[in-house]
Ligand code: SF4
Ligand code: SF4
C-alpha cells in the first residue's frame with residue numbers, strides 16, 4: 001500500500017517539478033545523456049525511496065544487475081562520501097522511473113540551510129545557471145542576468161528531501177519514508 005501511495009505522490013511531485021524546471025528553462029542545460037550529476041555525490045534517500053529504487057533494480061536483466069552489483073562493491077571499497085552512482089550504466093540511469101527524490105529535484109537553484117541560493121555543482125562546469133554565476137564571488141549575479149537578456153529572474157526553490165517529504169500530500173497519503181541515509185549505506 002505504501003508503494004502504491006508513493007507512486008501517487010510521485011505523480012504529483014513530478015508534475016510540480018516539471019513546472020519548476022520549465023519556469024527556469026532559460027538557465028537549464030539538462031538533456032538525455034548528460035550524467036555529470038550521477039558521477040559524484042552521496043545520493044541521500046529514505047527507506048521508502050530505496051524500496052522503490054530496488055523495484056526498478058529488479059526489473060533490469062541479469063547482465064545489468066550484475067554490473068550494478070559490481071559497481072556497488074567498487075563504491076563500498078572506495079570513497080563512500082562522493083562516488084559515481086552504481087545505477088548509472090552506459091551513461092544512463094538503469095532505474096530512471098524509480099530514481100530517488102534527490103535525483104528528480106537536482107539541477108535547479110535551491111536554498112541552502114541559511115536561505116542563500118545554492119547552485120547545482122554543474123554550474124561550475126558551464127552547465128545549469130553558469131551564465132549567471134559570478135565565479136569570483138560564488139554567487140548569483142543580477143548583472144549577468146541583465147547582460148544575458150534573460151527574460152525571467154531565476155527563482156530559488158526549497159527542494160530539499162526534507163521539504164519534499166514533509167509536504168502535506170505525504171501526510172494525506174500516509175507515507176512513511178523511514179530512516180534516511182546515503183544510498184551506499186543501504187547496501188551494508
Ligand atoms: S543537473 Fe547538470 S549535470 Fe545533471 S543532467 Fe542537468 S545539466 Fe547535466
Ligand atoms: S539513481 Fe539514476 S538519476 Fe540518480 S544518480 Fe543514480 S543514475 Fe543518476
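What follows is calculated from the coordinates using simple rules that are stated; it is not laboratory data. Not measured: the values here are computed from a predicted model. Cβ placement follows ideal geometry from the backbone for every residue including glycine, while neighbour counts extend to all protein chains displayed.
Collect the residues in the stretch 22-35 that are more than 10 Å from ligand 2 (Cβ to nearest atom) and either surrounded by fewer than 18 Cβ atoms within 10 Å (Cβ to Cβ) or farther than 14 Å from residue 120 by Cβ (or both), keeping them in residue-number order.
Listed by number, the residues that qualify are 22, 23, 25, 26, 29, 30, 31, 32, 33, 34.
When residues in the stretch 113-166 are screened for being under 18 Å from residue 24 (Cα atoms) and in a loop (DSSP other than H, G, I, E, B), 20 of them pass. Selection of the stretch 27-63 for residues being out of contact with any helix residue (DSSP H, G or I) (no Cβ under 9 Å at 6 or more places or on another chain) and either in a helix (DSSP H, G or I) or within 30 Å of residue 142 (Cβ to Cβ) (or both) yields 31, 62, 63. Residues in the stretch 78-92 that are away from ligand 1 (no atom under 16 Å from the Cβ) and crowded, with 18+ Cβ neighbours inside 10 Å: 86 alone. Taken together, 11, 59, 15, 4 contain a single residue that is loosely packed, with under 14 Cβ neighbours inside 10 Å, more than 26 Å from residue 157 (Cα to Cα) and more than 14 Å from ligand 2 (Cβ to nearest atom), which is 4. Here residue 149 passes the criteria (1) within 14 Å of ligand 1 (Cβ to nearest atom); (2) within 21 Å of residue 22 (Cα to Cα); (3) more than 17 Å from the chain's Cα centre (by Cα); (4) surrounded by fewer than 19 Cβ atoms within 10 Å (Cβ to Cβ) except the one numbered (1). Across the stretch 88-105, not a single residue is classified as touching a helix residue (DSSP H, G or I) at 6+ places or on another chain (Cβ under 9 Å) and more than 14 Å from ligand 2 (Cβ to nearest atom).
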